[in-house]
Amino acid sequence: MKFKSSFGLIAALFLSACTIQVPPYNADISNVSKLKEVSKNPISVGKIESEKKLNKISLRGSPLISSVGTSYGEYIENALLQELKLAKLWSGVAKKQVTGKLVDHDIDVTGFSNGSAFIKVNFVVSEGDSILFEKVVSAEHTFDSSIMGAIAIPNGQRSYVALIQKLLKNLYSDEKFIESIQ
């Protein structure tokens, strides 16, 4: 009997330390609608930089990594690209370009009933050598969590998509950003 309980404990510890990926991004339709309302001009998406130390988030010891490329910056690029394409505003040769740098982000699943996530990205809109917009945009997201890792970890994993949707909503709601892409 001791063997079975020891095996179960070892298996649980092993499984909790497995690397997991953020789910693929799903464009937010309200974000796409907002973009369609505010601009008709094409824009391209450049690099969203991400320092190596920001490319892993720990969910109770389980590393959470980006499902796009090798960084969370690439995940944000992909999200922005998806929404601009759906709004028919993306062009690979547009003179105006959105770039940026991931400043900070994290997901906390240590709470007994609630989890939280936050992100900060410095977005830049440029045209040639001119910077038309530069601002750190942030977002926060809360979600159901649990004392049980089998519930908390997947909820934290899924929360990253909602966090990025909120980040982009906050970007598109910034009047200076809107002016810069018109």
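Only the coordinates and a few stated rules stand behind these numbers; no lab work does. Because the structure is a prediction, the values reported are computed rather than measured.
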P(r), alpha carbons of the range 84-149 - 5 Å bins starting at zero, rounded %
4, 14, 16, 14, 14, 12, 9, 7, 6, 3, 0
Residues whose built amide H sits under 5 Å from the amide H of residue 49, excluding neighbours closer than 5 in sequence, are 100, 101, 102
Could you give each residue of the range 106-119 its phi-based ³J(HN,Hα) in whole Hz, using Karplus coefficients 6.51, -1.76, 1.60 with θ = phi - 60°, and x for Gly or Pro?
6, 10, 10, 10, 7, x, 6, 9, 10, x, 9, 9, 9, 8
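Could you work out the helix-only [θ] at 222 nm for the chain, with each DSSP H run of four or more residues adding -39,500 (n - 2.57) and the total divided by the number of residues, to the nearest 500 deg cm²/dmol?
Working: 5 runs with 71 residues, N = 182.
The per-residue figure over the chain is -12500 deg cm²/dmol.
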